[in-house]
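K.L.:
Provided herewith is a single structure, encoded as structure tokens, for subsequent inquiry.
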Protein chains: 2
Amino acid sequence: MKKTAPEAKLLVVDDEPNIRELLSTSLRFAGFDVVAAANGRDALAAAETHNPDLAVLDVMLPDMDGFTVTRRLRAAGRHFPVVFLTARDDTDDKVTGLTVGGDDYVTKPFSLDEVVARIRAVLRRTHPLEDDDAVIRVDDLELDDDAHEVRRGGETIDLSPTEFKLLRYLMMNPNRVLSKAQILDHVWEYDFNGDASIVESYISYLRRKIDRNPDAVALIQTKRGVGYLLRTADKR
Amino acid sequence: MKKTAPEAKLLVVDDEPNIRELLSTSLRFAGFDVVAAANGRDALAAAETHNPDLAVLDVMLPDMDGFTVTRRLRAAGRHFPVVFLTARDDTDDKVTGLTVGGDDYVTKPFSLDEVVARIRAVLRRTHPLEDDDAVIRVDDLELDDDAHEVRRGGETIDLSPTEFKLLRYLMMNPNRVLSKAQILDHVWEYDFNGDASIVESYISYLRRKIDRNPDAVALIQTKRGVGYLLRTADKR
DNA sequence: CAGGCAAAACGCGGATACTGATGGAGTGAA
DNA sequence: TTCACTCCATCAGTATCCGCGTTTTGCCTG
């Protein structure tokens with residue numbers, strides 16, 4: 001997994017231990033420096049102590065809701081951005097105002113890769129200094145996260161949301177075999193309980209769209225019995 | 001979001017914590033340097049201490065009204081412009097006279113993007129030095145904020161107020177996908193609690209007026225499942 | 001070494017749910 | 001009245017996921 005150049009410090013706040021662990025672990029693995037808290041009170045204290053660059057904040061906490069936490073943080077002079085976690089049905093209609101300022105939100109159940117991508121996007125917007133680009137490149141393949149657009153050799157390729165997330169995951173890990181289980185864990189929502197054959201289907205969809213030229217070396221390769229791999233041309 | 005080049009310092013005064021927070025956060029993100037106050041007394045003190053370039057001032061404050069605050073500021077030799085926040089049902093005679101100097105006013109409930117635009121407009125008028133232009137251009141599309149006018153290829157296009165605000169938001173963020181939630185948060189008034197499908201309607205209206213030529217590449221593009229995007233032709 | 005076998009991967013087709021585009025009705029304000 | 005705005009219903013087009021039959025591949029055995 002590509003690391004963010006200067007490691008940003010994140011504060012993860014969720015009362016469900018499973019989610020908190022899941023997030024902490026994968027964000028840490030993504031190269032972030034992670035501090036976790038289980039409720040609003042601890043979150044405020046942790047913010048004071050660690051002064052994070054961004055917070056991932058569940059809106060439903062046992063002691064106070066995420067908005068209150070945010071308001072108190074801001075009142076205390078902490079102006080780092082927040083990525084809110086909300087239940088899917090809260091968001092569709094009611095809860096608004098989550099994207100004000102540099103903030104953003106992700107609905108539960110989320111896919112891990114999606115959360116990482118959103119966090120990176122928010123950090124990119126609020127710390128525009130770094131030359132950290134929204135575009136990932138592998139060979140003549142370009143994936144632009146801001147525009148949500150994929151090009152191969154300049155040609156725009158149209159992908160469905162899941163195809164896009166899958167390709168992004170592959171492109172973040174070029175020349176590394178990714179098992180179907182890994183792909184499921186990162187790209188699909190964490191409560192998905194279908195089987196891994198769905199990954200085969202989506203790999204097949206992707207191949208049809210990005211590896212349509214049968215003469216060229218395929219970017220997506222199968223490692224039978226192990227997983228899949230996105231290969232760069234200049235690799236051996 | 002486009003930032004203002006030389007950061008101007010703003011004083012935000014409102015007694016409702018939510019509004020104060022909402023404004024502070026989004027103005028800060030818009031590139032301003034923000035100081036906030038909850039009442040007239042604190043506002044006067046803050047003006048002394050921080051010497052802002054502009055104040056955003058609620059006319060209804062617990063201790064004194066916004067006009068009194070302004071009068072005292074002026075008496076103290078502070079002549080920075082003020083953008084007043086007023087209730088929609090305030091009588092006209094109260095509101096007239098607000099715009100006499102370089103001042104302006106916005107009615108509550110406001111749209112965040114609208115407030116930012118008005119503040120920029122006032123600053124533009126009072127600090128004409130900066131090469132900060134009132135005209136946003138994307139391809140052959142021009143939006144003139146001062147004249148409140150939109151042209152495509154020289155041809156003037158007539159838009160309703162909401163259509164105008166929506167287009168402005170899109171044009172301020174070219175080549176970036178904007179979700180319906182983001183659009184609602186920035187373009188609609190903060191107390192709007194209808195659902196996001198209204199955005200679809202307005203996108204549809206805009207397309208009819210702006211992308212009426214079916215042969216040309218559409219400026220407004222749909223990213224299914226993600227949001228909308230205003231595309232520039234010269235995409236790298 | 002050839003042939004056969006089984007597991008893995010693939011591709012297709014279809015059920016189902018969802019998303020977005022659009023037209024029209026209702027409401028309220030100028 | 002007319003214009004903006006909002007909401008709703010409908011329709012078409014997509015996306016997702018699963019199941020099943022086919023193909024490929026690696027391996028084992030004779």
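K.L.:
Among the numbered criteria (1) over 18 Å from the mean Cα position of the chain (by Cα); (2) modelled with pLDDT of 90 or more, which one does B:V122 miss?
P.N.:
Single failed check for B:V122: (1).
K.L.:
Taking helices (runs of 4 or more DSSP H) that fall entirely within the range B:1-79, which contain at least 3 residues that are over 20 Å from the mean Cα position of the chain (by Cα) and touching a residue at least 24 places away in the same chain (Cβ under 8 Å)?
P.N.:
Output list reads B:40-50, B:66-75.
K.L.:
Can you report the number of residues in the range B:22-73 which are polar (S, T, N, Q) and within 12 Å of chain A (Cβ to nearest Cβ)?
P.N.:
3
Yes or no, residue by residue, for (1) under 28 Å from B:L27 (Cα atoms); (2) in contact with a helix residue (DSSP H, G or I) (Cβ under 9 Å, 6 or more places away or on another chain):
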residue: B:E155; (1), (2): no, no
residue: B:S160; (1), (2): yes, yes
residue: B:M172; (1), (2): yes, yes
residue: B:D191; (1), (2): yes, no
residue: B:G225; (1), (2): no, yes
residue: B:Y228; (1), (2): yes, yes
residue: B:T232; (1), (2): yes, no
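K.L.:
Just to be sure I understand, how many residues within the range B:149-169 are within 14 Å of DNA strand C (Cβ to nearest atom), among the hydroxyl-bearing types (S, T, Y) and within 13 Å of the chain's Cα centre (by Cα)?
P.N.:
Residues in the range B:149-169 being within 14 Å of DNA strand C (Cβ to nearest atom), among the hydroxyl-bearing types (S, T, Y) and within 13 Å of the chain's Cα centre (by Cα): 1 in total.
K.L.:
Only one of A:E163, A:E149 is in contact with a Phe, Trp or Tyr (Cβ under 7 Å, 6 or more places away or on another chain), within 30 Å of A:T86 (Cβ to Cβ), within 14 Å of DNA strand D (Cβ to nearest atom) and among the charged types (D, E, K, R). Can you tell me which? Don't jump to the end; show me each part of the working.
P.N.:
Numbers: A:E149 fails: in contact with a Phe, Trp or Tyr (Cβ under 7 Å, 6 or more places away or on another chain).
From the options A:E163, A:E149, the qualifying one is A:E163.
K.L.:
Now a separate question. It is to be established whether one or more residues within the range A:170-184 are more than 14 Å from chain B (Cβ to nearest Cβ), under 22 Å from the mean Cα position of the chain (by Cα) and near DNA strand D (Cβ under 9 Å from one of its atoms).
P.N.:
no
K.L.:
Are any residues in the range B:6-21 open to solvent by 60 Å² or more (accessible area, probe 1.4 Å) and within 11 Å of chain A (Cβ to nearest Cβ), and if so, which ones?
P.N.:
Result: B:P17, B:N18.
K.L.:
What residue, among those in the range B:63-93 that are crowded, with 18+ Cβ neighbours inside 10 Å and hydroxyl-bearing (S, T, Y), is modelled with the lowest pLDDT?
P.N.:
Filtering first and then ranking leaves B:T86.
The values are calculated or read from the model by the stated rules, or taken from the named source; none is laboratory data. Everything numeric in this text was worked out from a predicted model, so none of it was measured. So basically every Cβ, Gly included, is an ideal-geometry build from the backbone, and we count neighbours across all protein chains shown. For accessibility, only protein heavy atoms count, side chains too; no ligands or nucleic acids. Shrake-Rupley method; radii C 1.70, N 1.55, O 1.52, S 1.80 Å.
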